[in-house]
1. Can you tell me the length gained on complete extension of the stretch Ala215 to Trp107, counting 0.36 nm per residue apart and subtracting the Cα distance?
2. Sort 89-95, 48-54 by packing, meaning the average of other beta carbons within 10 Å per residue, with the highest value first.
3. How many percent of the alpha carbon pairs in the stretch 56-178 exceed a separation of 24 Å?
4. Find how much the distance from Ile138 to Ser173 grows on full extension, using 0.36 nm per residue of separation minus their present alpha carbon separation; answer in nm with one decimal.
5. Using the Cβ atoms and a cut-off under 13 Å, what net charge is assigned to the surroundings of Thr72, where Lys and Arg are +1 and Asp and Glu are -1?
6. Calculate, in nm to one decimal, what Trp195 and Asp159 gain on full extension: separation in residues at 0.36 nm each, minus their alpha carbon distance.
7. In what sequence, highest mean first, do 165-177, 222-234 appear when ranked by Cβ atoms within 10 angstrom?
8. Using +1 at the Cβ of each Lys and Arg and -1 at the Cβ of each Asp and Glu in the stretch 124-248, identify which of Ala197, Gly222, Thr234 lies farthest towards the dipole's positive end.
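Nothing in this text is a laboratory measurement; each read-out follows from the coordinates by a stated rule. Note that this is a predicted model, so its numbers are computed, not measured. A quick note on method: Cβ atoms are made from the backbone with ideal geometry, for glycine too, and the neighbour counts reach across all protein chains shown.
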Amino acid sequence: MKNMLLMTASIVALSAAAPAFAADLAAQPVYTKAPPPPGPVAVALYDWSGFYAGINGGWGSSHNSWDFAGTTPEGSHNASGGTVGGQIGYRWQVGQTVLGVEGQGNWADFNGSNVSTAFPANSNHTRIDSFGLITGQIGYGISNVLLYAKGGAAVVSSDYQINSVSPGTQLGSADTTRWGGVAGAGLEINLTPNWSAGVEYDHVFMPTSDVSFAAAGGGTLGNDRIRQDFDLVTARLNYKFGWPVVFK
């Protein structure tokens, strides 16, 4: 009986102490592992890959040297003026290297003339009315900025005239379409997800060509050997089709 009373008293004492012990446990601080530091945030980079089309406009100046019959110098003149046109192309971006191909066609109004040093009663006149460029590109993309160089073939339509100095009567004319080469460079900046704008410089060089002039009254007036090249500075606006942004 005595043992029974001792066990009962022990159980009662433990029951009374249990809430206090539980309270002491609940009051203990809880330690947790610190969260890992934040990783790198994904940054949107512009991808120049894809088809694009656009418009361009600017200024050009052509240098033209004439030699009568290929042997007698008649002097030189610059034919300058405005130009406007369009372009279409495709680019591939691998890392920061951008490769591309482009076709461009422009209307032009480059005009100039000089009095012939061999025939002072006559003036020689050059007008470039259109040209086209077929080029390859290689560039370096820095996010939304593209620096590039280009080169390829050029085709130029020119109109040549021989006029009397006074009263300015046309004595002969010739229309030519000639192939040559082009080299240039440009800077382009992405403005919105699909639109970009830039500036470009090109030098177009044409091979020396013998041009036969038709006389205004019929027949031929003779030949001139004409050397021609010209420089272009244009502003460009392009629209790129597709999704231009990737995450790295």
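1. On the way: separation 108, 0.36 × 108 = 38.88 nm, distance 2.70 nm.
In short, 36.2 nm is gained.
2. So the order, starting with the most tightly packed, is 48-54, 89-95.
3. 44 percent
4. Result: 8.6 nm gained on full extension.
5. -2
6. On the way: separation 36, 0.36 × 36 = 12.96 nm, distance 3.63 nm.
Gain on stretching Trp195 to Asp159: 9.3 nm.
7. In descending order of packing, they fall as 222-234, 165-177.
8. Ala197
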